[in-house]
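Worksheet: the structure to be examined is printed underneath.
Quick note: the coordinates plus some simple rules give every number you see, no bench work behind them. Keep in mind that what you see is a predicted model, and the values were worked out from it rather than measured. Positions of Cβ are generated from backbone atoms using ideal geometry, with glycine treated the same way; all protein chains shown enter the neighbour counts.
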Amino acid sequence: MVEFGEQLRRAREGKGMTQQSLAEQLYVTRQSVSRWECGVSKTKRY
């Protein structure tokens, strides 16, 4: 099973986006995107 962070990284890279550009689209920091991709921080499910 592919982890969320790996899926996020693949999708981001597939769109040719940097962590910074994704962060700007989501109104979060680049560090947040990095933590999500590394599995250090989880997103909340609503």
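Report the net charge of residues surrounding Gln19, where surrounding means a beta-carbon distance below 15 angstrom and charges are Lys +1, Arg +1, Asp -1, Glu -1. Display every interim value, and only then the final one.
Details: positive: Arg9, Arg10, Arg12, Lys15, Arg30, Arg35; negative: Glu6, Glu13, Glu24, Glu37.
Net of charged neighbours comes to +2.
Let me have the 222 nm mean residue ellipticity of the chain computed from DSSP H runs of 4+ only, each contributing -39500 (n - 2.57), with the sum over all residues rounded to the nearest 500. The partial results should precede the final answer.
Details: 3 runs with 28 residues, N = 46.
Estimated from H runs of four or more residues: -17500 deg cm²/dmol.
Percentage of Cα-Cα pair distances in the chain greater than 15 Å, rounded to whole percent?
Numbers: 412 of 1035 pairs.
Tail fraction, whole percent: 40.
Sort 10-23, 28-41 by the packing proxy (mean of other Cβ within 10 Å over each peptide's residues), most packed first.
On the way: 10-23: 13.2, 28-41: 15.4.
In decreasing order of mean packing, 10-23, 28-41 become 28-41, 10-23.
Compute the signed sum of charges (Lys and Arg +1, Asp and Glu -1) over the other residues within less than 12 Å, Cβ to Cβ, of Arg30.
Numbers: positive: Arg12, Arg35; negative: Glu24, Glu37.
Neighbour charge sum, excluding Arg30 itself: 0.
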